[in-house]
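Undergrad: Structure incoming, see below.
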Amino acid sequence: MKIKKFIARVLSYGGFILSGIFAFVFTIEPAHHAVDMIAPFVAAFSLASGSTWWLRKERNKDEEINLLKFVIKNGGKATLGEIVAELEIPVERVRKTVDKLQKHGALGTNVSDDGELVYSSSQRNLINPQFSF
């Protein structure tokens, strides 16, 4: 899987750089030469955009798996702060991931005696057939 991610990163960065070069050339070339570069520009930009989309999708999948692993290793319970600190993921992305996992039934919530929201996981939660990465 690492080779796929490496290739996707190369295509993403390289495609955006290449499409930027084409865009710059559009501005300095006469119109009749610039038309010849439209197809390569569109191809490079599409490849870069698709690679970036795939990388984001893979990152989200990895974050879901790592979050679940952390909650399970943490005795089946974790707070938002613990998840953010352990996984080093921004709070908003953790919230989105937690919401998705709750929607699929992989995580539940409880309120601690201190009034803090605690995310919990159990084998019963993970057996839900709707849950999939």
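Where a number appears in this text, it was derived from the coordinates with a stated rule and is not lab data. Nothing here was measured: the structure is a model prediction, and the numbers come from that model. Every residue, glycine among them, receives a Cβ derived from its backbone with ideal geometry; neighbour counts consider all protein chains shown.
Undergrad: Scan the helices (runs of 4 or more DSSP H) fully inside segment 1-109 and keep the ones with 3 or more residues being closer than 30 Å to residue 119 by Cβ and touching a residue at least 60 places away in the same chain (Cβ under 8 Å). Before you say what the answer is, go through the steps one by one.
TA: Values: elements: 2-28, 31-34, 38-73, 80-87, 91-103.
Filter on segment 1-109 gives 38-73.
To keep it simple, each residue is scored yes or no on (1) within 28 Å of residue 3 (Cα to Cα); (2) under 15 Å from the mean Cα position of the chain (by Cα).
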| residue | (1), (2) |
| --- | --- |
| 62 | yes, yes |
| 70 | yes, no |
| 76 | no, no |
| 81 | no, no |
| 91 | no, yes |
| 95 | no, yes |
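Undergrad: How about segment 58-100: which of its residues are closer than 13 Å to residue 121 by Cβ, β-branched (Val, Ile, Thr) and exposed (fewer than 15 other Cβ atoms within 10 Å of the Cβ)?
TA: Scanning segment 58-100 gives a single hit, 65.
Undergrad: Quick check on segment 26-45: of everything there that is closer than 23 Å to residue 13 by Cβ and not β-branched (Val, Ile, Thr), which residue is surrounded by the most Cβ atoms within 10 Å (Cβ to Cβ)?
TA: Taking segment 26-45 as the starting set, the residues that turn out to be closer than 23 Å to residue 13 by Cβ are 26-27, 37-45.
Okay, now just the ones that are also not β-branched (Val, Ile, Thr), so 26, 37, 39-41, 43-45.
Details: 26: 15, 37: 16, 39: 10, 40: 13, 41: 18, 43: 14, 44: 22, 45: 17.
Taking the candidates together, the pick is 44.
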